[in-house]
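Visitor: I'd like to ask some things about the structure below.
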Amino acid sequence: MIPTDIVTRARDRSIVDVALALGAAEGVKIDERGVACPGCGGTDRFSIDKAKNVFLCRHSGAGGDPIALVQHVHGLSFGDAIEMLTGEKALPAAARQPAPSDDDKNIWREKARLRAWKIWRNGAPIEPERGGHWVRDYFSLRAIPFPAWRIKALREVSSLAYWHRAKAGDDFRVIHSGPAMLAAITGPDGHFIGVHRTWLDFSRPNGKAAIADPAGDGILDAKKVEGSQKGGKIVLRDGADCHRLALGEGNETVLSWDSIRGAPDMALWVGVNIGNIAGKAAEQIPHPSLMLTDRIGRQRRQKVGGHEPDLTDTDCLQIPADDFEKLILLGDSDSDRFTTQAAMLRARNRFELTGHDAEIDWAPDGQDFNDVLKSLASRAASPPAAAGAPAGRAIGRDARSGLRPAAGEAA
Ligand SMILES: [Zn+2]
C-alpha cells in the first residue's frame, strides 16, 4: 500500500512539466493544442488541460493525471510510476522517439493527397457547353467574365461536405454541404498535390457560403485546402511562350486582374496564400498599430514578417528563372495593409534574388482587384454608358490610372 501523501505528491506534479520532461513538444503548453504523444507518437494526438492537470492521448484513449501519463509513456505499474514521479532522479524521456518519423509523415501526407485527389476526380467541368453552371454563376455574381480559354485547373461540384472539428481531440464532422468550386494545386514538378475548395452560396453578396462555427458565433472560412499547398500553385493559364507571369493570392483576384489589364497570352498563377508566395522572413518587424495581449496580460506590439526573405525556406512557391522573365505580383489591399505590404515586398525581393524581374501591382487602398472590377462593371452598366460591354478589356486608361500604389508606397 502506497501512503496517500506520496500518491498525492505524485498526482500534484504539474502535467505540463511532466509532459515536457517526458519529451512532449513545447506546443503542449497551449491547452488543447495537439502535439505528438510522448508515448505513442503521431502528430497531434496528445493534449493537456492545465486547469484539471490531466492529459489526453486521443489515439490510445489513455488519459488522466501525471501518474497515468508516466504509465502511458513508460508502460509502468501504478506504483513504479509514482516512484518515478516522486523520486530524486529527473524523469526519463520516453524510450521511443515521440516525434513522427519521416515515414509516418509521408504516409499521412499521401493519405491527404489521395483524399484531395478523390474530391478533385469527382468534380465536373465548369464550361457551360460541357454542362457547367456553378462557377459560371459565381463568376457572374463577382462580375468576372467567364474565361474565354479552357481552365483545366478548375472544376465544380453540386454538393460537397464541409468537415470541421471544434478543437483538437474532437472528431471531424460535416457541418455544411453545398455547391463548391474546386481548384487543382500542383507542385513544382506539375503533379497534383492538393485541392482548393470554395463553398458557394448565391444568396450572399460575395457568392461565398457563410458557414457558422458550431462552437461559437464566428463564421468559418468558405475556402479550404485538402492535401498540400506548400510550394504549390493553381495554374489558371499556362501562358505558353509568353515569359510573363501574373501571380496573386486567390482565383478571383487573378481573374479580376486579368480582366482589367491582363494580356491574353500571359501566364496566370494563384499562389493560394500569401505566406506561400512570400516565403519565410529573415526577421520580424513590429506592426505600427496591431497589439496583442500576452499570457500575463501585458500589451505588446504584434510582430509580422519583414521585407527580407529567408532564402533557406524551400517550402514556399518557387518559380524557375528560366520559365518567366517578368513577374507581376498582385497586391490586394483589403486585409491589413501593413502586413500584406511587408509580405508582398518580401515576395518581390525573394523573386528578384532568384533571378526574376518582379514588380507589384497594387489594388487601390482598402480594395482588392475584384472590388475594382465590380465598380468598373457597374459603371459600365449604368446609363449613359450602358451600351458598352461590362468589364473585359475595353477599359479606358482613366480607369487603369486609378490602380496605383498608395502614397509613400515603396513598390
Ligand atoms: Zn499516446
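Visitor: Peptides 358-364, 246-252: what's the order by average Cβ count within 10 Å, highest mean first?
Guide: Top to bottom by mean Cβ count within 10 Å: 246-252, 358-364.
Visitor: Okay, moving on. Could you tell me the calculated FRET efficiency between Ala161 and Asp265, based on Cβ-Cβ distance and R0 = 30 angstrom, to the nearest 0.05?
Guide: 0.20
Visitor: Can you tell me the FRET efficiency between Glu83 and Glu26 if r is taken as the Cβ-Cβ distance and R0 is 41 Å, rounded to the nearest 0.05?
Guide: 0.90
Visitor: Towards the positive end of the charge dipole of the range 4-86, with charges on Cβ (+1 Lys, Arg; -1 Asp, Glu), say which of Pro66, Ala10, Val35 has the farthest Cα.
Guide: Sorting the options by dipole projection puts first Val35.
Visitor: GNM on the chain, C-alpha springs below 10 Å: top fluctuator among Asp213, Asp332, Asp12?
Guide: With Cα springs under 10 Å in the chain, the top fluctuation among Asp213, Asp332, Asp12 is at Asp12.
Visitor: Relative contact order for the chain using alpha-carbon pairs under 8 Å, separation at least 6, rounded to a whole percent?
Guide: Across the chain, relative contact order equals 10 percent.
Visitor: If each residue's Cβ is checked for other Cβ atoms within 10 Å, how do His287, His356 rank with the fewest at the top?
Guide: Ascending Cβ contact count within 10 Å gives the list His287, His356.
Visitor: A further question follows. Return the sequence-ordered ³J(HN,Hα) values of the range 3-8 in whole Hz as given by the Karplus equation 6.51 cos²θ - 1.76 cosθ + 1.60 applied to θ = phi - 60°, using x for Gly and Pro.
Guide: Those phi angles translate into x, 4, 5, 6, 4, 4 Hz.
Visitor: Looking only at the range 15-37, which residues have a backbone nitrogen under 15 Å from a spot 7 Å from the Cα of Arg300 in the C-beta direction?
Guide: Output list for this probe position: 30.
Visitor: Among DSSP beta bridges lying fully in the chain, give the percent that are antiparallel, nearest 5.
Guide: Counting DSSP beta bridges with both partners in the chain, the antiparallel share is about 75 percent.
Visitor: How do Ser333, Ser375, Ser382 rank when sorted from fewest to most other Cβ atoms within 10 Å of their own Cβ?
Guide: In order of increasing Cβ crowding within 10 Å: Ser382, Ser375, Ser333.
Visitor: Using a ≥ b ≥ c from the Cα gyration tensor of the chain (square roots of the eigenvalues), is it rounded, prolate or oblate, where a/c under 1.5 gives rounded and otherwise the larger of a/b and b/c decides, a/b for prolate?
Guide: prolate
Visitor: Using the per-residue mean of other Cβ atoms lying within 10 Å as a proxy for protection, in what order, highest first, do the peptides 106-116, 321-331 fall?
Guide: Per-residue Cβ counts within 10 Å, averaged per peptide and sorted highest first, yield 321-331, 106-116.
Visitor: Could I ask something else about it? Normalising by the residue count of the range 1-88, find the relative contact order in percent from Cα pairs under 8 Å and 6+ residues apart.
Guide: Result for the range 1-88 is 25 percent.
Visitor: Moving to a separate point now. Which of the lysines could be linked to Lys111 by a straight reach, that is with a Cα gap under 27 Å, when you skip same-chain ones fewer than 8 residues away?
Guide: The reachable lysines, counting only those whose Cα sits under 27 Å from Lys111, are Lys152, Lys167, Lys223, Lys224, Lys230, Lys233, Lys280.
Visitor: Also: Which ordering of Ile82, Ile175 is given by a fewest-first count of other beta-carbon atoms within 10 Å?
Guide: Ascending number of Cβ neighbours within 10 Å: Ile175, Ile82.
Visitor: Once both axes come from the Cα atoms, what is the angle between helix 369-381 and the longest principal axis of the chain, in degrees from 0 to 90, rounded to 10?
Guide: Orientation of helix 369-381: about 30 degrees from the principal axis.
Visitor: Would you look at the GNM of the chain, springs on alpha carbons closer than 10 Å, and say which of Ala148, Ala93, Ala263 moves the most?
Guide: Ala148
Visitor: Considering the chain as a Gaussian network with a 10 Å cut-off on Cα pairs, which listed residue, Ala347, Ala267, Ala24, attains the greatest mean-square fluctuation?
Guide: For the chain, modelled as a Gaussian network with Cα springs under 10 Å, the answer is Ala24.
Bear in mind these aren't lab numbers, they're just calculated from the coordinates by the rules spelled out. All of these numbers come straight from a predicted model, not from anything done at the bench. When we count neighbours, we look across all protein chains shown, and the Cβ atoms used for this are built from the backbone with ideal geometry, even at glycine.
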